[in-house]
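The values are calculated or read from the model by the stated rules, or taken from the named source; none is laboratory data. Just so it is clear, the structure is predicted and the values come from calculations on it, not from any experiment. Glycine gets a Cβ as well: all are built from the backbone with ideal geometry, and neighbour counts include every protein chain shown.
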Amino acid sequence: MPSEHVDSDESPSTAHRTSGSVGRSMSVEDIALTLKIVVAGGCGAGKTTLVGAVSEIRPLYSEEALGESGRHKDETGDVERRATTTVAMDFGRITVHSGLSLHLFGTPGQDRFRFLWDELCEGALAAIVLADTRRLEDCFAAVDHFERSRIPFVVAVNGFPGAPDHTEHEVAQALDLDPGTPVVPCDARDRASGKEVLIRTVEYAGRMHTARLLASVG
């Protein structure tokens, strides 16, 4: 599980001990905790949109123009209106509550950039796999990667206009998820919806890491 660390831009009262704090015990308010969350999924699933919607800072994007050969086609054969693709990562930050912030790292969706996944996932508490029910097979690689890496993850079903309306159980079956892996609906464009997914992800990761710790000691 990622270790706690102190950000240099935190105020003295919350980030570290000051001369005035000598002689008293540290409280929860004295600790600043930053957790790393990876956002993955197929190309065009909404990773960049989610990071941008919830980030409280100006997000960092690394995109390039998407050629015709790289564009997805829907069931009618029409090329979707997508002009760019992530080539390295997306980055954003959100403060969940006082003392707890999340750093979000969006992975590139195209197969040719998959070699970056291991580095982007280094030290991650958990991950979010964004799913588009029009092409759930695009999630297979991300699901397999996190299961092999033993990184707890939540599948967030991003609602696209005209997409099939599958139940959470049907999505879990289609992706062959391990029992208990959460599947939650979301709108990647909506900040409140994205924040709810992040909270569910942190809560689930906390339960998983606690269970593993208890299992290892007894």
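Okay, here's what the table says:
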quantity: Filtered residue count, region 203-218, keeping only those that are surrounded by fewer than 18 Cβ atoms within 10 Å (Cβ to Cβ) and within 15 Å of the chain's Cα centre (by Cα); calculated: 2
quantity: Condition broken by Trp117, with the remaining ones in (1) free of Cβ contacts under 8 Å to residues at least 24 places away in the same chain; (2) assigned to a helix (DSSP H, G or I) satisfied; calculated: (1)
quantity: Check on Leu177, among the hydrophobic types (A, V, I, L, M, F, W, C), closer than 22 Å to Ala124 by Cα and in a loop (DSSP other than H, G, I, E, B); calculated: yes
quantity: Qualifying residue in region 162-171 (condition: more than 22 Å from Ala192 (Cα to Cα), modelled with pLDDT under 95 and either of a type in the set (Phe, Trp, Tyr) or not in a loop (DSSP other than H, G, I, E, B) (or both)); calculated: no
quantity: Those residues of region 138-161 which are of a type in the set (Asp, Glu) and in contact (Cβ under 8 Å) with a residue 12 or more places away in the chain, in sequence order; calculated: Asp138, Glu147
quantity: Subset of region 116-168 [closer than 26 Å to His209 by Cα and of a type in the set (Phe, Trp, Tyr)]; calculated: Trp117, Phe140, Phe146, Phe153
quantity: Residue in region 162-169 that is surrounded by 18 or more Cβ atoms within 10 Å (Cβ to Cβ) and either aliphatic (A, V, I, L, M) or free of Cβ contacts under 8 Å to residues at least 60 places away in the same chain (or both) present; calculated: no
quantity: Given (1) in a loop (DSSP other than H, G, I, E, B); (2) within 22 Å of Phe105 (Cα to Cα), index of the condition Glu203 fails; calculated: (1)
quantity: Pro182, sole failed condition from (1) touching a Phe, Trp or Tyr at 6+ places or on another chain (Cβ under 6 Å); (2) over 17 Å from Ala205 (Cβ atoms); calculated: (2)
